[in-house]
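Worksheet for the structure shown next.
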Amino acid sequence: MVVAYGRNGFDANALMVALDAMDLSQFDGFVYGSGFESQPELLLKLAEQLPLIGNYPDTVAAVKTPAVFFAALQRLNINYPEVCYAYPETHASAYLIKFSGGSGGMHVHAANVHNCLLEGEYYYQKKTHGRPVSLLFLANKHDIEVIGFNEQWLSPSPDSPYRYGGAVSHVKLSTSVQQQLMNAAQKLTVEFGLLGLNSLDATVAEIGNASGLDGEVFVLEINPRLSATFDLYGSTELNLFERHVNVCLNHDGLNQNAVYQSSLQSKAHAIVYATEQIALSAPLLWPDWVSDTPLLSQKILTISVGEPVCSVLACADTADMAKKIAQSRVEIIQNLLQSLKQYPCANNCVNLSVQSH
């Protein structure tokens, strides 16, 4: 089913109406991703219909309440960029304003006098100059299991300078950075009772090191649900979805002896955003490295400037190479979409398949 999605996540009324029209007896539970952080009360309503498989609504609410989360970081002696809850009159240009329930980076903007009126979900955070990284981990309320270390990057636009661009798995980090991330995830798991798959976002103040990216880690947030990096992992031997379900239902099943292997092949994904309005009027045959493609359920599908069109995937022996391939594939798809404007085909299937490394 397709449900409307807005600034605060899913349209609560539309989602409940859609669920009421379904036969829920065929499902064992509800696994959720983004779209609920700003409205944990919607998760409570869903829990009345189906068992939740993931963090409890009160956990999501606590992690996504800035005053609660950053107070916990302070108490647990975990580094984080300075935050405040009133407009920073002095050196405002050094701060960002963020919406605590947002995702995808489109809720992050430079602090200025025009956005200084805050509600409880907003906060100011000092800018950090470093490399964005994350830790994907499984938690059982008491312990964690490392799934992988990742790097993220931006795809800025005039209206969304901090818009999410993509991520790559198995990034090379120093032992020190890995340990800082794991220690933070462990402490926060115990503090908030985290359950199942979670992602810890941070920046690393870069220092050159032959063993990998090194420096001081600054924690930004916890994503208490399946995150964007979820699809960068998983295989026949490692079915992350099944692991998530098992840990959430049984509060056990962690492999404490799992060791991060930097030699594993890296996988990257990147988001293709519309650089100008696109009108699709024919079915498209996409390359096999494209996912999350538009659903043509009507005569003409219009995608506005700045909206996501699809995702591209890439695999390589190193994170740097996988990232480069993914970013080049973004350009390929954008060029192909441009070609549709020059050579429209309203009735036949358009083949976007191309040769790519």
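Please work out if Leu50 is buried (at least 18 other Cβ atoms within 10 Å of the Cβ) and assigned by TED's automatic domain parsing to the domain that holds Asn13. Here the answer is no, as Leu50 does not meet what is asked.
Within the stretch 20-78, the set of residues being among the hydroxyl-bearing types (Ser, Thr, Tyr) and in contact with a strand residue (DSSP E or B) (Cβ under 6 Å, 6 or more places away or on another chain) comprises Ser38 only.
Cβ-Cβ distances below 6 Å connect the following pairs, each with a first residue in the stretch 149-162 that is assigned by TED's automatic domain parsing to the domain that holds Leu138, a second residue that is part of a loop (DSSP other than H, G, I, E, B) and small (Gly, Ala, Ser), and a separation of six or more residues or different chains: Ser157/Gly306; Tyr162/Gly105.
Per-residue answers, yes or no, for (1) closer than 19 Å to Asn150 by Cβ; (2) outside any helix (DSSP H, G or I); (3) of a type in the set (S, T, N, Q); (4) at pLDDT below 95:
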residue	(1), (2), (3), (4)
Ala270	yes, yes, no, no
Pro294	no, yes, no, yes
Val312	yes, yes, no, no
Ala322	yes, no, no, no
Leu340	no, no, no, yes
Pro344	no, yes, no, yes
Val354	no, yes, no, yes
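Only a single item in (1) at pLDDT 85 or above; (2) within 29 Å of Thr128 (Cα to Cα); (3) buried (at least 18 other Cβ atoms within 10 Å of the Cβ); (4) over 21 Å from the mean Cα position of the chain (by Cα) is not met by Leu197, and it is number (4). Does Lys299 fit the bill of being at pLDDT 95 or above and in the same structural domain as Ala279 (by TED's automatic domain parsing)? So Lys299 fails the test. If you go through the stretch 3-52 and keep only what is over 20 Å from the mean Cα position of the chain (by Cα) and assigned to a loop (DSSP other than H, G, I, E, B), you end up with Ala21, Met22, Asp23, Phe27, Asp28, Gly29, Leu50, Pro51.
The values are calculated or read from the model by the stated rules, or taken from the named source; none is laboratory data. Quick caveat: nothing in here was measured; it's all calculated off a predicted structure. Cβ coordinates were reconstructed from backbone atoms using ideal geometry, including for glycine residues, and neighbour counts include every protein chain displayed.
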